[in-house]
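This report concerns only the one structure given below.
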Amino acid sequence: MDNPLDPVIDWYHTANDSLRITRRVLIQGIPNAVTTKHSSFFGHPVPASAAKLGSAKNELDRLVVLSLTAVFERTLRDHLVQIPRNAIVPGDIVVEAVREQILEDIEYWNISSRVIDVFQTVDPAVRGLARQIIDYRNWVAHGRTLTEPAPSNVIPIKAHQNLTEFLKQAGIAN
Amino acid sequence: MMAVLERKPRSGQVDAMAILQTPGLLQSPEYAALVTKADPLVASYLGPTASAIWDLVNDERGRPLLKLKVVDPFSGPGTWNFAPDELRNERHLSSRLGDLTDSLVRTGVWRKPLDDLFSSIRNWSQGLPGAYIQEEPMTYRDGNGMFEASRLLVTSEGLTMQVEPVGSWVVGADGLVNLNGLGGPYMLLYSQRDGGWFYLPDTTPAQTVPLTQELYLQLAEACLHG
C-alpha cells in the first residue's frame, strides 16, 4: 500500500510554506497584500505579527506529529485485525465469536506497550523511536502546557521519516 | 538518542557532596527539613563532583515548588522543580533523580559538540559582510530540567540571526540548534553516530546534509535576509 503518512506531511508542507510566504509578505511590506480581511496582521507591527507566526508554526509542528501518530496507529491496528479476520474460516459460530472478541480486544491494546512490540520484524531501535514519538503525541494530546514538559523534541519531518521506516520494515507500506 | 545513560545511584564518597539551601528556603522549616531528609538520596544520584542548592519558589498558581539547581562540571548548570509531595515519596523521587542524571549525562555529552559548532560559526561568519558576533545567556529545556546555555547573535549588514540551542533530546538525533532570523528557522542536527553537525532541510523525504562553511554561509544569508 502507499504510505498513509504522506498525505499528512503534504498538508504540513503546504501549511508551513503558507506561513513562510506570509512572513515574507509582512517583512518585505508588500503593498496591499495585507488588508482588513486579515485581522491577525492588519495594522499590527511586523515584529508582533512575526511572533504570532512563530507561535503558529510551533502549534503546527505539534499538531502534525499528533496527526502522523494517529494515522500511524490506525494503520497498525487495521493491519493487525486482518490477521484473525483472514486466519479464521467462517462457519463455526463459536470460532466466529472468538474472532470477534479478538478483533475487539485489539482495539484496546496499548499502542506503546503492546501494538508496537507485535512487530518483531521491525528493528528494535526503530520501535524505540516510534515509542518516543508516541510519548510526544500523548504529551501534545493531553494538554501539554498544563502537565509535564515535553518528553523530548520531535521534528515533524523526522517523525514522518521514522514512522515511515517502521511501516516499511513491518511490510505495511511501500 | 544516547544509547548508554546512567540511571543508578553512584557509589563512592557521595556524602562529601555539599547540598545547600537558600536563605529563603531556610525560613520555611517544614520544607527545609523535607529537603534535608531527601539530600542523601539526591547526593547518591549526583555524585561527589556536582554541587547543588535548594530553593523555595512558587509555581504560576502560587503553590510551593522546591527548585534544585545542580552545577555539574561536565554538563553545566541545570535546575529541576519538585512538588513537595514528590520528595515525600522515595520511589517517585528516585525515578525523578534517574531522569535528572539522564539529562545531566545527555547534556554533558552534547556540550562539547555544541561548543565546537559555536567555534566554527564564529570563524565561518567572517565570510559574512561586516559580521560581528555577540553571545547572550539563555535557558533551554531538556526533559524535566532547564539548562543554562548561550545563544549566538550573528549580525551582518544591520540584520541579526540567532544561533539557538533547542535541546540535546531530539527523537532521531543527539541535539538540535536552530538558526532564527527573518528567514528560517533552519535546523542543525548533531549526530553522535555520524560524528558531526548536519543541516536538515524542511522537506520530505528527510535528508541531512553535512554542515560545511559554504553551506553555513548560504543558510546564514537566507536566514538574515529572509
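Throughout, read-outs are computed from the coordinates displayed, never taken from laboratory work. Please read these numbers as outputs of a predicted model, since none were measured by experiment. So basically every Cβ, Gly included, is an ideal-geometry build from the backbone, and we count neighbours across all protein chains shown.
Quick notes on this structure:
- Descending semi-axes in Å of the stretch B:42-82, equivalent ellipsoid built from Cα gyration tensor: 23, 10, 7
- Cα long-axis angle, helix B:213-225 against chain B (0 to 90 degrees, to the nearest 10): 90
- Helix B:29-46 and the longest principal axis of the Cα set of chain B meet at an angle near 60°.
- Computed about the Cα centre, the dipole magnitude for chain B is approximately 540 debye when only Lys and Arg (+1) and Asp and Glu (-1) carry charge, each at its Cβ.
- Rounded, prolate or oblate (a/c below 1.5 giving rounded, otherwise prolate when a/b exceeds b/c) for the stretch B:123-216 by Cα gyration tensor: oblate
- Cβ-based exposure ranking for B:Thr107, A:Thr75, A:Thr14, B:Thr139, in which fewest neighbours within 10 Å come first: A:Thr14, B:Thr139, A:Thr75, B:Thr107
- Chain lengthening between B:Tyr132 and B:Gln27 when straightened (0.36 nm per residue, less Cα-Cα): 33.1 nm
- Using the Cβ-Cβ distance between A:Ile102 and A:Trp11 with R0 set to 51 Å, the FRET efficiency from 1/(1 + (r/R0)^6) comes to roughly 0.90.
- Cα convex hull of the protein assembly as shown, projected area averaged across orientations, nm²: 26.1
- Simple spin-label estimate for B:Thr49 and A:Val81 in nanometres, 7 Å along Cα-Cβ: 5.4
- Kirkwood radius, the stretch B:177-220, all distinct C-alpha pairs, inverse of mean reciprocal distance: 10.9 Å.
- Counting Cβ atoms of other protein chains within 10 Å of each residue's Cβ and taking the mean over peptide A:153-163 gives 6.
- Environment charge at A:Pro90 (Cβ cut-off 14 Å; Lys +1, Arg +1, Asp -1, Glu -1): -1
- Per-residue Cβ neighbour rank within 10 angstrom, fewest leading, B:Ser125, B:Ser168, A:Ser40: A:Ser40, B:Ser125, B:Ser168
- Kyte-Doolittle mean at least -1.0, axial Cα span of 27 Å or more - DSSP H helices of chain A: A:6-28, A:46-87
- Here the sum of -39500 (n - 2.57) over DSSP H runs of 4 or more residues, divided by the residues of the protein assembly as shown, equals -16000 deg cm²/dmol at 222 nm, to the nearest 500.
- Solution diffusion estimate, µm²/s, Stokes-Einstein, chain A, Kirkwood Rh from C-alpha pairs, 25 °C, viscosity 0.890 mPa s: 130
- Part-to-part distance (alpha-carbon centres) for the stretch B:173-226 and the stretch A:76-104, which is given in Å: 48
- Each Lys and Arg contributes +1 and each Asp and Glu -1, all at the Cβ; summed about the Cα centre of the stretch A:32-174, the dipole is approximately 740 debye.
- Once both labels are positioned 7 Å from their Cα atoms along Cα-to-Cβ, the gap between A:His38 and A:Ile88 label points is 5.8 nm.
- Chymotrypsin sites (Phe, Trp or Tyr not before Pro) within the stretch A:1-106, DSSP loop, no more than 12 other Cβ atoms inside 10 Å: A:Phe42
- Computed over chain B, the ratio Rg/Rh where both radii use C-alpha atoms and Rh is Kirkwood: 1.05
- Fluctuation leader among B:Leu182, B:Leu68, B:Leu153 - chain B, Gaussian network, Cα springs under 10 angstrom: B:Leu182
- Footprinting exposure proxy for B:Thr101, A:Thr36 (fewest neighbouring C-beta atoms within 10 Å first): A:Thr36, B:Thr101
- Using the Cβ-Cβ distance between B:Arg61 and B:Leu153 with R0 = 41 Å, the FRET efficiency computed as 1/(1 + (r/R0)^6) comes to roughly 0.75.
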